[in-house]
Amino acid sequence: VFAGQPFHCATTRFPDDHLVEAVPTSSVPNCDDCPSGKTVIYDHCKAHPEWVDIGALPDYPRRVCDERGLNSSVCLDHTDNLHDDRVFLFRGTQDRCYKPGSVENVQHLYSMFLDKPNAQIRMVNTISYTHVFPQNKTKIPGKEHGYDGPGECLRWIYPGIKPATDFKRENIYNYNQAEFMEAIPGVGINGRGHLYIPDACKPSPKAGADADATFVLDKVEPCRLMILAAGCDGFGGYIEDFAKYAESNDIVLLQPCVGGHVDSFRYRGAHEIKRGMLDVYGQLGRDYTMKSAPHMKFVGQVLEKLSGWKI
């Protein structure tokens, strides 16, 4: 997580929250436990981390599915799946968008789900960056070098990975997202998405007629898959840095892209969606974190289509 807020925090009301009128310009059209006509301040978890009741945050992912009688196919996967995961967190010390304590709240939330949080979480919050994605080419103020954010993240998540190598332009594939735009219209889905398939992960000639449509491989050791869903303006920027490690470590990069048309009449408060962002503010619906939510459903459909898996 590079400068992120806790899961489902943006729409959660805490005892210390200040409420505002729930109008389209508020940017938080859905708020849990807010009185009718009221909502929380936009970015309250980023700008006012001291308001966040960390002890209450695990309640939603642990209980919401049972409370609403929903199964995991439309709701959330069980939090027990996180118990042995490794977590990488980053916040620059000069980041004015994410105030001190905001990303630490993410750390505290994950700590409640992991077996050994001290050994499974790496928090990097001592480097003098502003609100940028840290890369080797992004010089640290006052220094002659940058910080390899993608590499440091992957080395923590996948211990023992190989050093980065040059990525190959011919291994970048653009795929058509029109069918997903038609299936879930007006929610900002982009017309194109991107896929990076390292040489070692490409289907062999004997993979069959469907080889061009999938990356289901006949390798003895399967390739890893990393999903980087975001607003997209071509395949570039920090994605290229991830691709350098993907090529040398047999990691397929899937980039489902948003940044397309938004139905402004239906989603009047979807300002961040219009800016090309994923829905992390509940601007497309109250259940924005669930598998049935527009953007979550879209990413799942892309993964099913390109991989041949049934999710």
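The values are calculated or read from the model by the stated rules, or taken from the named source; none is laboratory data. Since this is a predicted model, take the numbers as computed values, not measurements. All Cβ positions, glycine included, derive from the backbone under ideal geometry; neighbour counts span all protein chains shown. For accessibility, only protein heavy atoms count, side chains too; no ligands or nucleic acids. Shrake-Rupley method; radii C 1.70, N 1.55, O 1.52, S 1.80 Å.
Descriptive notes on the structure:
- Using the rule -39500 (n - 2.57) for each DSSP H run of four or more residues, divided by the residues of the chain, the 222 nm mean residue ellipticity is -6000 deg cm²/dmol.
- Take the Cα of Ser292, step 7 Å toward its Cβ, do the same at Lys137, and the gap between the two points is 4.4 nm.
- Phi to ³J(HN,Hα) by Karplus 6.51 cos²θ - 1.76 cosθ + 1.60 over the stretch 67-83, Hz, x for Gly, Pro: 4, 9, x, 9, 8, 5, 5, 10, 9, 10, 5, 5, 5, 4, 5, 8, 4
- The chain: equivalent-ellipsoid semi-axes (sqrt of 5 x gyration tensor eigenvalues, Cα, Å): 32, 25, 20
- When the Gaussian network model of the chain links Cα atoms closer than 10 Å, the mean-square fluctuations of Pro159, Pro49, Pro294 top out at Pro159.
- Listed residue (Val74, Leu109, Thr126) projecting farthest to the positive dipole end of the stretch 49-141, Cβ model: Thr126
- Kirkwood hydrodynamic radius over Cα pairs of the stretch 37-79, then Stokes diffusion coefficient at 10 °C and 1.306 mPa s, in µm²/s: 128 µm²/s
- Largest-first principal axis extents, alpha carbons of the stretch 10-62, Å: 29, 22, 15
- Portion, in percent, of the accessible area of the stretch 40-164 that falls on carbon or sulfur, probe 1.4 Å: 49 percent
- Potential lengthening of the chain between Glu152 and Glu50 amounts to 33.9 nm, from the contour at 0.36 nm per residue minus the alpha-carbon distance.
- Unpartnered cysteines - no second Cys beta carbon under 4.7 Å - across the chain: Cys97, Cys153
- Each of Pro6, Ala22, Pro35 was placed along the dipole of the stretch 1-97 (beta-carbon charges, centred on the mean Cα), and the one lying farthest toward the positive end is Ala22.
- Across the stretch 103-186 the C-alpha pair distances fall into 5 Å bins from zero in the proportions 3, 10, 13, 14, 15, 13, 14, 14, 4, 1 percent.
- Potential lengthening between Arg224 and Lys310 on full extension [0.36 nm per residue; Cα-Cα distance subtracted]: 29.3 nm
- Proximal charge balance of Lys297 [Cβ under 14 Å; K/R count +1, D/E count -1]: -3
- Three semi-axes describe the equivalent ellipsoid of the stretch 34-106; taken as square roots of 5 times the Cα gyration tensor eigenvalues and ordered largest first, they are 26, 20, 10 Å.
- FRET efficiency, Asn71 to Val23 (Cβ-Cβ, R0 35 Å, nearest 0.05): 0.50
- Crossing angle, helix 238-249 versus the chain [Cα axis fit, 0-90 degrees, rounded to tens]: 50 degrees
- For the stretch 86-210: accessible area per residue (Å², 1.4 Å): 53 Å²
- Charge dipole (debye, nearest 20) of the stretch 233-311; +1 at Cβ of Lys and Arg, -1 at Cβ of Asp and Glu: 480 debye
- Compactness of the stretch 243-301, taken as the C-alpha radius of gyration over 2.2 N^0.38 Å, stands at 1.38.
- With the simple spin-label model, which puts each label point 7 Å out from Cα in the Cβ direction, the Glu240 to Met112 separation comes to 4.1 nm.
- Candidates per GluC sites (Glu not before Pro) in the stretch 129-187, loop by DSSP, up to 14 other Cβ within 10 Å: Glu144
- Helix 294-307 vs. the chain, principal-axis angle (Cα, 0 to 90°, nearest 10): 10 degrees
- Rounded to 10°, Cα long-axis angle of helix 102-111 versus longest principal axis of the chain: 70 degrees
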